[in-house]
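This report concerns only the one structure given below.
We did not get these values from a lab; they are worked out from the coordinates using the rules stated. Quantities reported herein were computed from a predicted structural model and do not represent experimental measurements. Using ideal geometry, Cβ is built from the backbone for each residue, glycine included, and neighbour counts are taken over all protein chains shown.
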Amino acid sequence: MQSFSIRDLRERFGTLSREVEQSCVSVVTRHGSPLFITVPFSEELLREGVHVTLAVKLLQEGTVSLGKAAKLAKMVVAEFSEYVSLLGLSVVDLTEDELDEELAFLSS
C-alpha cells in the first residue's frame, strides 16, 4: 500500500492515478495523519461494496490480518474466509517451516 501526502498528491497525481488503476489501495495523509484512502473503481466494488472490496485488497497486500479484514468487511471470520477462498485467495499464509511445525504438532 502506498502512502502519499497532500503535497505529493498535488505534485504526483499521475503516479497515484496509475497505482489506483493497477488495483492498489493508497493512503493520502495530511501532516503525517491518514486523511483518506483510494480504492480502485471496479466491478467488484459495485457488486460487493467498499467495505468488502477494501478488506480483500488490504488482505491481499498483507496490510491487515484475516480477522481485521473480516471485521472491515462486516463479516465473521468464517464467512470472510469462505468468500476470499472462492476468489482464489489463500486464507493461510505459512512459511514452509511454519507448515512443518503445524503438521508436526497435529501428528503428535
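Shown is the FRET efficiency for Val92 and Val27, computed with R0 = 25 Å from the Cβ-Cβ distance and rounded to the nearest 0.05: 0.40. Residues in the range 10-21 carry Karplus couplings, in order, of 5, 7, 10, 4, x, 4, 4, 5, 5, 5, 5, 4 Hz; the curve used is 6.51 cos²θ - 1.76 cosθ + 1.60 with θ = phi - 60°, and Gly or Pro positions show x.
With a ≥ b ≥ c the root eigenvalues of the C-alpha gyration tensor of the range 8-58, is it rounded (a/c under 1.5), prolate (a/b larger than b/c) or oblate? Because a/c hits 1.5 or more and a/b fails to exceed b/c, the range 8-58 counts as oblate.
Here, the chain is characterised by an Rg to Rh ratio of 1.08, where Rg is the alpha-carbon radius of gyration and Rh the Kirkwood radius. Scanning residues 5 or more positions from Thr29 or on other chains, those with amide H under 5 Å from its amide H are Phe4, Ser5, Ile6, Leu35, with H placed 1.01 Å from N in the peptide plane.
Might you report the magnitude of the Cβ-based charge dipole of the chain about its Cα centre, with Lys and Arg at +1 and Asp and Glu at -1, to the nearest 20 debye?
960
What the phi angles of the range 101-108 give under the Karplus curve with 6.51, -1.76 and 1.60, with θ = phi - 60°, is a coupling list of 5, 5, 5, 5, 5, 5, 8, 8 Hz, glycine and proline written as x.
With contacts defined as alpha carbon pairs under 8 Å and 6 or more residues apart, what's the relative contact order of the chain in percent?
Reported relative contact order: 16 percent.
For Gly49, no residue 5 or more places off, or on another chain, has a built amide H under 5 Å of its own. Couplings 3J(HN,Hα) for the range 42-48, derived from phi with the Karplus relation 6.51 cos²θ - 1.76 cosθ + 1.60 (θ = phi - 60°), are 8, 4, 4, 4, 5, 6, 9 Hz, where x marks Gly and Pro.
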